[in-house]
1. What is the residue count in region 57-79 for residues that are under 27 Å from residue 493 (Cα atoms) and touching a helix residue (DSSP H, G or I) at 6+ places or on another chain (Cβ under 8 Å)?
2. For a quick check of your reading: which helices (runs of 4 or more DSSP H) sit entirely within region 339-434 and have at least 2 residues that are surrounded by 13 or more Cβ atoms within 10 Å (Cβ to Cβ) and either modelled with pLDDT under 90 or over 26 Å from the mean Cα position of the chain (by Cα) (or both)?
3. Please find, within region 320-338, the residue that is farthest from the ligand (Cβ to nearest atom) out of those that are surrounded by 16 or more Cβ atoms within 10 Å (Cβ to Cβ) and over 13 Å from residue 364 (Cβ atoms).
4. If residue 86 satisfies every condition in (1) buried (at least 18 other Cβ atoms within 10 Å of the Cβ); (2) in a loop (DSSP other than H, G, I, E, B); (3) modelled with pLDDT of 95 or more but one, which is the exception?
5. Among the candidates 519, 536, which residue alone is more than 30 Å from residue 330 (Cα to Cα), free of Cβ contacts under 8 Å to residues at least 40 places away in the same chain and in a helix (DSSP H, G or I)?
6. Please verify whether residue 470 is part of a loop (DSSP other than H, G, I, E, B) and within 30 Å of residue 87 (Cα to Cα), treating the condition exactly as stated.
7. So residue 121 ticks every box in (1) more than 13 Å from the ligand (Cβ to nearest atom); (2) closer than 30 Å to residue 234 by Cβ but one. Which box is left unticked?
8. Any residue that is in a loop (DSSP other than H, G, I, E, B), in contact with a strand residue (DSSP E or B) (Cβ under 8 Å, 6 or more places away or on another chain) and farther than 22 Å from residue 231 by Cα - is there at least one of those in region 267-281?
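The values are calculated or read from the model by the stated rules, or taken from the named source; none is laboratory data. It should be emphasised that the depicted structure is a prediction, and the values quoted were computed from it without experimental measurement. Here the Cβ positions follow ideal geometry from the backbone for every residue, glycine too, while neighbour counts run over all protein chains shown.
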Ligand code: ARG
């Protein structure tokens, strides 16, 4: 992707008239609320301090100083309160943006900025034997999107599922199995989940159970064959279940090295920490004191009985990942309730002497309310996906007269359901808590996944039914014919896709793409009726077709990044 010379021109003009850095100008540029007002806007607040004047006054001044001489790029610059709204030279702009996008074709948006760099992403990471909760669902959705964002930008993304497949929960589950379970339960995730829940209910009444569970896990760690055999079966059953769900969600992992994988790899990092003189013994436990680093809670490496912890395994895992992948960045997509854990983890790595600790980042997210399918915070994922599909199917049948030619209703419903779940999640900034609402999520109107799918299918239909071939070269089109505001708006939207991607990667924030796509879908919905193709003069029809098709490609690529397969018909 080349730099945008239109933006470049604006940045240079403002730079000459101020002492702002080009990067500062670039990141301050925004879009006017209504695209008819201009293509970009510069907020003059930025200069208020330097010029000691009110922003609206500065806007007038800056226009006089920087935007007087005409150029091939800029058509006009106007003050709007504290902003300067700048409009590009239409035909030239369309030619530039669409020409570039046309050359990229299906690859529009892809770049090579990340070439040679690895971004390792730890996501989903459910706990085997414990229920998969809403947080794991969010991690799966956000992590999967980040994976595809970095991949699109040329990075090598590595998806790591840090399964919680070791720990005291296995002791609990084994007790549950022995007391209330049947042999078949070992093959059935839901039965295992129920045993886990039942264990916790019973434990409140019967403290003996706690000791028994602890003893079973101790045995497991000591290599007891019965405990290990049960553990292996539980792990296999759970993993098979998760993989089935992941397939339905369209998520992949390059590694399933979870906590158990680090069982024999923790000693090394503990020794390094000890040798560096960073550990202390406190009440018999081995800790790293982080008080001098501004973290009051120490990191626990070993309990008094010598057993290791979540933290110990995470330390070993980070070192292992550095060696294995030599990552440029290592992202942990985990709920914000674990913020302290990751603060401690990164600080420990730094204290131990790993300067790559600064490349590790906790990508936190808030809670979801209203998504649980039974009770508490637990989602039975399959049930949730089935519900989504059934909601969609019902919705589609109610509107059956609108879609007489739909062939594969079930598959469409599955995708619509997925889109509803994915989009409600990803359109919220990840740090926010949000409330999931079926009626809203599944609706075809408003800010929803199905609305986006719909925009895509609309254009697909128009192109299909136009009876005209897509232009095979730019010689067949004339961008000066794109005069309608709706066309300009689409051109502007298309130009912003690479930026939305770059911003999403920078902030680890898929919402940047989701919200961009929503605007694109709105642009499409208001354009397709105006930009008629069928029956129009040949060059005009081809030019519009090219524009619509590029909008379609962009929407499809963006949806794909979010994890939503675009539909040709719905
Ligand atoms: N299994 C953990 C949980 O469910 C999440 C693991 C996140 N990844 C990590 N490396 N700690 O809470």
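1. Count: 12.
2. By residue number, 339-352, 381-398.
3. That would be 328.
4. Of (1) buried (at least 18 other Cβ atoms within 10 Å of the Cβ); (2) in a loop (DSSP other than H, G, I, E, B); (3) modelled with pLDDT of 95 or more, only one is false for residue 86: (2).
5. Going through 519, 536 in turn, the sole match is 519.
6. So residue 470 passes the test.
7. (1)
8. Within region 267-281, one or more residues are in a loop (DSSP other than H, G, I, E, B), in contact with a strand residue (DSSP E or B) (Cβ under 8 Å, 6 or more places away or on another chain) and farther than 22 Å from residue 231 by Cα.
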